[in-house]
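A short write-up of the structure that comes next.
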Amino acid sequence: MASVEQQQQQQLEQHKLVSELKVEEFVFPPTVKPPGSTNTLFLGGAGVRGLQIQDKFIKFTAIGVYLGEESIPSLASNKWNSKTADELKDDLDFFMDIVTGPFEKFTRITMILPLTGNQYAEKVMENCVAYLKAKDTYTEAEAKAVEKFIEIFKDQTFPPASSILFTLSTLGNLTIGFSKDDSIPEVGNAVIENKALSEAILESIIGKNGVSPAAKHSLAVRISQLLNKGHGDKKMFRTYK
């Protein structure tokens, strides 16, 4: 008899819209069980992060964003099931409903070019601090969480094909993990208990100035298809107890 986890994964994967995505040479599977979670999440979208330098687009990372099964009925209840993919991709409120929604999120950031932990952490925290200050939600607690984040990354190096893993729980805790290949560890390397910073990290990827427009577009297309196929009622995305 299949376990609860196997049932959950089989039901998600049998849906043709929950398929794997390939970004450059990296494959993002249709479902994963992320570190720090006992649940199976499905692939919401994926894309590259890059930068236009003169006449060439330099690709740095491939990013996949996974969502808990509760995300579909949650987003459906927030009016998004009547929107097209083109409407969703340009609507900041849609992406913020993903960032702040009452469901788990998992982000896998896979290196195309090598990067040091210091380089990554300092740039991400710079963006997050600016975002939190603009919202007037940057307090001493967030400052301490930023320090912890930088400390976690300071001795890390990320060669091509290695990944940074972020699991955002429904309580707002951020489990941070690392992988040197395409495997996903069962447990993370560290946990940061600060909801504001945890959400700011995801916002920096898919929010107003998100670093991966390609991942945002992918999310809009796939979520729109799921919502408009009538799966906002949990018939496909029901939670197993």
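In segment 57-84, which residues are in a helix (DSSP H, G or I), surrounded by 18 or more Cβ atoms within 10 Å (Cβ to Cβ) and either more than 17 Å from the chain's Cα centre (by Cα) or of a type outside the set (S, T, N, Q) (or both)? Once the filter is applied, which keeps residues that are in a helix (DSSP H, G or I), surrounded by 18 or more Cβ atoms within 10 Å (Cβ to Cβ) and either more than 17 Å from the chain's Cα centre (by Cα) or of a type outside the set (S, T, N, Q) (or both), segment 57-84 yields 72, 73, 75, 76, 80, 81.
Selection over segment 87-123 of residues that are small (Gly, Ala, Ser) and more than 18 Å from the chain's Cα centre (by Cα) gives a count of 1.
If the condition is being part of a loop (DSSP other than H, G, I, E, B) and of a type in the set (Ser, Thr, Tyr), then segment 178-200 contributes only 183. Considered as a group, the residues in segment 152-169 that are among the hydroxyl-bearing types (Ser, Thr, Tyr) and not in a strand (DSSP E or B) include one that is surrounded by the fewest Cβ atoms within 10 Å (Cβ to Cβ), and that residue is 162. With the requirement that a residue be buried (at least 21 other Cβ atoms within 10 Å of the Cβ) and in contact (Cβ under 8 Å) with a residue 60 or more places away in the chain, what does segment 170-187 give you? Answer for segment 170-187, where residues must be buried (at least 21 other Cβ atoms within 10 Å of the Cβ) and in contact (Cβ under 8 Å) with a residue 60 or more places away in the chain: 175, 177.
To keep it simple, each residue is scored yes or no on (1) assigned to a loop (DSSP other than H, G, I, E, B); (2) farther than 21 Å from residue 38 by Cβ.
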site: 171; (1), (2): yes, no
site: 175; (1), (2): no, no
site: 202; (1), (2): no, no
site: 208; (1), (2): yes, yes
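Taking the residues in segment 1-43 that are at pLDDT below 65 and of a type in the set (A, V, I, L, M, F, W, C) as candidates, determine which candidate is nearest to the chain's Cα centre (by Cα). Here the answer is 12.
The values are calculated or read from the model by the stated rules, or taken from the named source; none is laboratory data. In this text the structure is predicted, and so the values were computed from the model without any measurement. Neighbour counts are summed over all protein chains in view; Cβ atoms, including those assigned to glycine, are modelled from backbone coordinates with ideal geometry.
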